[in-house]
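The values are calculated or read from the model by the stated rules, or taken from the named source; none is laboratory data. All figures in this text were calculated on a predicted structure; none of them were measured in a lab. Here the Cβ is made from the backbone with ideal geometry for all residues, glycine too, and neighbour counts use every protein chain on show.
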Amino acid sequence: MTASNLDLSGPRGARPTIMSYPLRQLRPVVLILLSTFGIVASIAFRFASLPAASSYVLAGCIVVTLLSLAVDVVAGLRAGEFGLDFLAAVAMASALWFGENLAGAIVAVMYAGGQFLEAYAHHRADEGMSDLLAKIPRTARRLRRRSPPPSASAPSKRAFRPPTKWPSSRKSALADRC
């Protein structure tokens with residue numbers, strides 16, 4: 001047997017990567033922190049008897065999340081996808097329109113939480129894939145056989161055929177059951 005080497009990688013020890021993580025990955029973290037902080041600050045303003053400040057904080061939280069969501073909705077509509085992001089945007093915009101800022105802020109927290117979980121799952125999947133790719137062999141060996149090994153026997157030329165008739169004892173046992 002002879003072997004020929006085929007190098008599948010670049011420099012020795014280089015780890016393959018799936019993708020680099022841009023700053024865009026921070027957007028879900030910023031959204032969830034901003035939305036949660038907005039609701040907590042709004043509650044604090046309510047306890048401090050400042051309902052106008054509470055309403056402004058919630059409205060600001062909704063507007064920032066809605067702007068981020070609008071970018072995703074436009075990109076999705078350009079790709080021909082109509083999803084729950086659009087419904088979340090309509091819910092937040094209508095909550096702003098009707099002055100229900102707490103309801104809009106809760107929808108903003110739900111949207112931001114979903115985006116955060118999706119980004120986290122995507123990051124974990126990329127890490128797992130990179131780890132798997134790091135374990136693949138860097139060299140492939142192709143074996144060429146010059147002659148069959150001495151212990152190998154030739155396969156039988158007669159193919160297996162199932163019996164066409166049942167044995168008589170089996171036939172009577174089947175007939176008794178029916």
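What to note about this one:
- From Ser49, Ser9, Ser55, residue being at pLDDT 90 or above, among the hydroxyl-bearing types (Ser, Thr, Tyr) and surrounded by fewer than 16 Cβ atoms within 10 Å (Cβ to Cβ): Ser49
- Hits in region 27-68 (condition: in contact with a helix residue (DSSP H, G or I) (Cβ under 9 Å, 6 or more places away or on another chain) and among the β-branched types (Val, Ile, Thr)): Val29, Val30, Ile32, Thr36, Ile39, Ile43, Val57, Ile62, Val63, Val64, Thr65
- Among the residues making up region 24-61, a single one is in contact (Cβ under 8 Å) with a residue 60 or more places away in the chain and over 18 Å from Met110 (Cβ atoms): Gln25.
- Residue selected from region 44-63 under the condition of a type outside the set (A, V, I, L, M, F, W, C) and in contact with a Phe, Trp or Tyr (Cβ under 8 Å, 6 or more places away or on another chain), by the criterion nearest to Leu31 (Cα to Cα): Ser54
- Subset of region 66-116 [assigned to a helix (DSSP H, G or I), among the acidic types (Asp, Glu) and either in contact with a Pro (Cβ under 8 Å, 6 or more places away or on another chain) or at pLDDT 90 or above (or both)]: none
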